[in-house]
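Any read-out appearing in this document is the output of simple, stated calculations on the displayed coordinates, not a laboratory observation. A quick note: this is a predicted structure, and the numbers were derived from the prediction, not measured. Cβ placement follows ideal geometry from the backbone for every residue including glycine, while neighbour counts extend to all protein chains displayed.
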């Protein structure tokens with residue numbers, strides 16, 4: 001068995017020598033024979049014709065560095081996939097221990113951050129106010145006024161809102177958006193329709 | 001290399017002395033001018049919208065510049081030439097220069113520095129399957145008229161555990177009063193509401 005391997009290896013080396021030194025493309029197959037017309041463009045001068053290369057055994061040719069570095073072992077499927085797609089392809093899911101429950105709405109969120117569900121409400125409301133007040137208008141007059149946001153059915157206090165721009169949002173005030181400036185006076189005896 | 005954030009020594013806001021791993025936005029000259037443009041856009045956007053979402057590193061880098069602008073505007077006013085040059089550089093939209101001196105300077109006279117506030121927002125926004133690699137920050141100017149992002153005060157007085165605890169405490173106080181009355185007078189006292197109630 002071992003001797004068979006050695007002979008196979010020797011045969012392969014011999015083929016390589018054929019390819020690189022002699023130039024045959026298909027070693028082992030009969031080569032096309034070209035008629036020698038006496039004209040050699042690479043060796044035109046008679047001096048170079050005279051110096052023919054001495055016959056080399058293949059053991060000698062091994063020392064010329066013809067063999068390149070090749071993988072010695074077959075790489076596993078996992079390793080090949082990692083090379084192809086990166087290590088994250090094979091990584092298992094990791095357990096997140098930094099998630100907590102929001103005490104207001106019960107959704108999960110990262111411990112360091114605001115609750116995403118509550119924040120989305122605030123974000124949408126802020127965008128609505130931005131759109132209502134036309135915030136992208138590049139008007140120095142408009143921009144140089146402090147803004148007071150007023151919802152439907154609210155009367156802004158003329159003292160505290162003096163000199164400020166009143167932006168009226170066409171909807172009821174959300175329950176979670178308390179107003180500091182506008183304190184609601186409940187009607188006496190009547191049913192309190194509490195908005196704030 | 002680029003990124004030690006050094007600002008004027010008189011800055012009253014806390015600036016993190018951290019090494020920001022940022023790249024200078026692959027410009028051919030590699031001067032960091034592209035990043036400066038990004039910072040100017042962010043400062044302009046913050047002064048217009050008063051509330052802006054961005055990455056953590058940009059927020060930490062930008063906060064010092066926004067604070068410095070507000071502080072210089074409050075200290076020197078609109079008739080100081082170097083301050084106005086600074087404003088002209090940082091405000092890409094020039095109507096905001098009026099806004100700084102007419103809105104923010106009177107407003108922040110009521111506040112103490114820092115005038116900006118940072119909130120971490122979820123790094124997985126709605127409608128996104130995976131978490132982002134960077135932490136996200138919402139930066140806002142104090143005293144803005146928009147709905148607050150701060151979680152509101154949680155009134156947990158009426159939660160079941162607290163009701164039970166309050167009742168247990170009331171019962172304990174009631175027993176104490178009864179025992180004292182028996183010791184002093186030798187007579188039993190009818191059930192009586194204690195003065196201290198609740199948690």
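Before moving on, here are some points about what is shown:
- In terms of surrounding Cβ atoms within a 10 Å radius of their Cβ, A:75, B:123, A:88 rank from fewest to most as A:88, A:75, B:123.
- Mean partner shielding of peptide A:69-82, defined as the number of other chain Cβ atoms within 10 Å of each residue Cβ, is 0.
- Sorting A:68, B:90, A:176 by the number of Cβ atoms found within 10 Å of their own Cβ, with the fewest placed first, yields A:68, A:176, B:90.
- Scaled against 2.2 N^0.38 Å for its residue count N, the alpha carbon radius of gyration of region A:71-137 is 2.10.
- Peptides A:147-155, B:161-169 ordered by packing proxy, namely the average of other Cβ atoms within 10 Å per residue, highest first: A:147-155, B:161-169.
- Counting Cβ atoms of other protein chains within 10 Å of each residue's Cβ and taking the mean over peptide B:147-157 gives 4.
- Cβ-derived FRET efficiency at R0 41 Å, residue B:132 paired with residue B:153, nearest 0.05: 0.85
- Shielding by partners, peptide B:117-128 (average Cβ within 10 angstrom, other chains): 4
- Residue order for B:47, B:89, B:108, fewest other beta carbons within 10 angstrom first, comes to B:89, B:108, B:47.
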